[in-house]
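Below: one structure, written as structure tokens.
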Amino acid sequence: MSLVAGSYERFIWGFKLKTLKNYHSQQKPLTLTPLFTFPSHTAPVKSVAVSGSAAASGGADDTIKLYDLSTSAEIGSFTDHSASVTALSFFTPPSLSFPRNLISASDDGHVCIYDADPFIHLKTIKAHKKGVNDLSIHPSGKLALTVGRDSCLAMLNLVRGRRSFYCRLDKEASIVEFGMGGDKFFMVMDEKVSVHEAEDARLVLEMGCGKRVLCAAPGTNGLLFTGGEDRAIKAWDTTSGKVAYSIEDAHSARVKGIVVLTGGNADCGDADPYIVASASSDGVIRVWDVRMANKENPIPLAEACTKSRLTCLAGSSLKSVRQPKLGVSAIDKEQDAGAEDS
């Protein structure tokens with residue numbers, strides 16, 4: 001299991017989460033071992049993504065940096081965006097342990113599609129009139145959803161490389177996430193989370209979180225984990241709209257990133273408990289067993305302090321022995337963005 005965090009101070013932090021066989025013992029069951037610390041960007045880091053041994057970071061310097069976690073090395077960069085890179089996501093087919101594609105979005109409304117083996121820029125799509133706030137790839141890898149500062153929701157056809165749907169929302173959404181099954185998606189608007197049917201975007205229910213939600217991550221069995229200004233980690237039952245678990249005061253500052261890590265396969269059943277990692281703006285990363293939410297003053301399974309202002313967190317439970325490859329054309333040749341005006 002790997003975790004990567006980005007900071008306002010331009011640094012990238014990589015950690016390896018090592019698990020002991022009997023992690024229910026009273027002794028410290030998990031350890032966060034530092035892998036690397038890179039001053040990778042010349043401006044604050046806005047987004048990170050991890051899948052297997054591949055990791056990526058996007059910054060306010062309009063650049064995407066790529067990393068090989070197996071060697072703890074930075075392996076290259078992309079400069080296809082002309083604005084801050086606000087969102088990143090890998091697509092990894094269920095049968096593979098290495099990503100097939102990397103999708104990125106920027107503050108000028110564009111989305112870039114990359115081949116991940118090797119890393120080569122394929123296509124640039126004009127998704128929004130203003131900046132993209134977030135993106136999420138459907139489990140099939142064939143489409144993605146984006147939300148932007150133009151208060152709109154867009155659907156992108158990743159096979160054809162074009163925008164296929166675009167609609168105005170009642171309010172600007174900051175986060176969009178597909179559920180693990182892909183049949184539903186979630187949107188965050190300030191302190192509210194809405195649940196929608198993926199087929200027709202029909203609103204199923206809304207959940208009020210009290211304070212602004214800054215990060216969200218889907219879990220199995222219809223759960224959605226959120227964190228934000230209330231400094232808590234909440235697991236929402238998206239069927240009933242009620243809180244299934246809640247770790248109050250998980251951090252002493254607002255939660256800026258949350259990652260759901262299962263013990264291997266994301267399709268595991270109820271017998272495989274969730275391991276959740278969270279990061280706060282005060283630089284602390286913590287790992288939790290959500291079943292501890294029922295206990296008074298739950299103790300994190302592992303903790304690391306970066307002493308920096310963290311802005312984002314990503315992680316992966318996939319194991320990979322393959323090394324990411326970067327296409328020569330992505331480094332040495334000028335790419336034609338091929339932007340579409342939709």
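The values are calculated or read from the model by the stated rules, or taken from the named source; none is laboratory data. These figures come from a predicted structure and were not determined experimentally. Ideal geometry is used to build each Cβ from the backbone, glycine not excepted, and the neighbour counts take in all protein chains shown. Quick note on the areas: whole protein, heavy atoms, side chains included, nothing else; ligands and nucleic acids left out. Shrake-Rupley method; radii C 1.70, N 1.55, O 1.52, S 1.80 Å.
Report, please, the projected area of the stretch 143-285 averaged over directions, based on the convex hull of its C-alpha atoms, in nm².
9.2 nm²
Just the number please: accessible area per residue for the stretch 134-213, 1.4 Å probe, all protein chains included, in Å².
Counting only protein heavy atoms, the per-residue value for the stretch 134-213 is 47 Å².
On the protein heavy atoms, probe 1.4 angstrom, tell me the percent of accessible surface of the stretch 151-269 carried by carbon and sulfur.
Here carbon and sulfur together make up 43 percent of the probe-accessible area.
What is the set of long-range amide H partners of Trp236 at a cut-off below 5 Å, with H atoms built 1.01 Å from backbone N?
Residues meeting the criterion, in which the H sits 1.01 Å from N, are Leu224, Phe225, Thr226, Ala244.
Hey, rough spin-label estimate for Glu248 and Glu206, points 7 angstrom out along Cα→Cβ, what's it come to in nanometres?
Using points 7 Å along Cα→Cβ, the separation is 2.6 nm.
Using the Karplus curve 6.51 cos²θ - 1.76 cosθ + 1.60 with θ = phi - 60°, what ³J(HN,Hα) values do you get for each residue of the stretch 293-302, in whole Hz, with x for Gly and Pro?
The phi angles translate into 4, 6, 8, 7, 6, x, 9, x, 6, 7 Hz.
Where only protein heavy atoms count, and the probe is 1.4 Å, what is the accessible area per residue for the stretch 30-117 in Å²?
30 Å²
Relative contact order, percent, of the chain when contacts are C-alpha pairs under 8 Å separated by at least 6 residues?
It comes to 16 percent, rounded to a whole number.
Under 17 Å Cα to Cα from Lys256, which lysines show up? Leave out anything in the same chain fewer than 8 places away.
Leaving aside lysines fewer than 8 places away in the same chain, those within reach of Lys256 are Lys46, Lys192, Lys211, Lys234, Lys307.
Running a GNM on the chain with Cα contacts under 10 Å, which residue among Phe225, Phe165, Phe91 ends up with the highest mean-square fluctuation?
Maximum among the listed residues: Phe165.
Tell me, rounded to the nearest percent, the portion of alpha carbon pairs in the chain spaced more than 34 Å apart.
17 percent
Given a 1.4 angstrom probe, I'd like the percentage of the accessible area of the stretch 1-112 that is carbon and sulfur, rounded to a whole number.
50 percent
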